[in-house]
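Report on the structure given below.
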Amino acid sequence: MSKKVIVITGASSGIGEATAKLLASQGNQIVLGARRESRLKEIAEDIKALGGEAVYQVTDVVNLDSVKELAKKAMDTFGRIDVWMNNAGLMPQSLLSDGKVEDWDRMIDVNQKGVLYGINASLDIMRNQKSGHYVNTSSVAGHIVGPGSSVYSATKHAVLAISEGLRQEEAQAGSNIRVTVISPGAIATELTNSITDEAVRKGTEQFYNEFAISPDRVAESIAFAVNAPADAAINEIIIRPSRQV
Ligand code: NDP
């Protein structure tokens, strides 16, 4: 398998961290993006200690200039971008009637606009290379809605819509850019920390404590899509705990 330059947002914990470490262990060059510098530094050092290659760039995906700096870091360091994983996200679920407008704004900004900014910051680069691959993190919630998950589900449905539009446009353009959506179920990460409604958080944590599986399982699925031969695009993977209904 040839070495790839792989940019990952939301790389400071959970699914992003697990994916970065796995793909680095397979010989790829990783560019980590998120807001918490100390975590990014530690993860980059862990990767290097195991003989891998990683750099990081403090990135806030709600800010287009910041996302462009992440792309620039990849280009300045490694000279190309083969895979861009739009993974940063949060899940402050609540009932619409609770009117948590700030949480709605944050989810739309990070989960939805963050994906668009990632595409905007890297699409010209991939088109110039005549190859590339987007991995966009949606969710099982990108397929279903439940009480309390309206806005989170809306942002994750949007990730599916944006990804499918991007897939069709790039296939039509013949740009050799692949698009993969990864849609996880309950995964044991820090995601539930973003829930601001205490009752919802406790209920969700209870569910996660019972069912959630390791982010390594998700990373393995992503590696499968990334390592697929260039003429085959794995367009979506849904992965959830075997016992999750
Ligand atoms: P974590 O909370 O562990 O990771 C979320 C990541 O997003 C962190 O690295 C965080 O870094 C980053 N992030 C949040 N806001 C921003 C921002 N404004 N700019 C840049 N980075 C940001 O949770 P997961 O690993 O679970 O989440 C990763 C993705 O997986 C999310 O999109 C989530 O919706 C999705 N997902 C998760 C599921 C689960 O059960 N865990 C199920 C389905 C989907 P920092 O705070 O340092 O910026």
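Bear in mind these aren't lab numbers, they're just calculated from the coordinates by the rules spelled out. These numbers come from a predicted model, not from an experiment. Quick reminder, even Gly has a Cβ in these numbers, built from the backbone with ideal geometry, and neighbours come from all protein chains shown.
Annotations for the structure displayed:
- Folded to 0 to 90 degrees: helix 215-226 orientation relative to the chain principal axis, Cα: 40
- When only Cα pairs below 8 angstrom with a gap of at least 6 residues are kept, the chain shows a relative contact order of 20 percent.
- Likely footprinting exposure, 143, 157, 133, fewest C-beta neighbours within 10 Å first: 143, 157, 133
- When peptides 57-63, 71-77, 7-13 are sorted by average Cβ neighbour count within 10 Å, with the highest value leading, the order is 7-13, 57-63, 71-77.
- To the nearest ten degrees, helix 150-173 and the longest principal axis of the Cα atoms of the chain are 20 degrees apart.
- Taking Cα centre as origin and charging only the Cβ of basic (Lys, Arg, +1) and acidic (Asp, Glu, -1) residues, the dipole magnitude of the chain rounds to 460 debye.
- Other residues with beta-carbon under 14 Å from the beta-carbon of residue 103 carry, at +1 per Lys or Arg and -1 per Asp or Glu, a net charge of -3.
- Relative contact order of segment 119-192, defined on C-alpha pairs under 8 angstrom at six or more residues apart (%): 42
- Cβ-Cβ distance of residue 150 and residue 239, R₀ of 25 Å, FRET efficiency by 1/(1 + (r/R0)^6): the value works out to about 0.60.
- Under the Debye formula (equal points on every Cα, no solvent term), log10 I(q)/I(0) of segment 5-237 at q = 0.09 Å⁻¹: -0.34
- Taking 95, 166 and counting other C-beta atoms within 10 Å, the order from fewest to most: 95, 166
- Order of 177, 162 - criterion: other Cβ atoms within 10 Å of each residue's Cβ, fewest first: 162, 177
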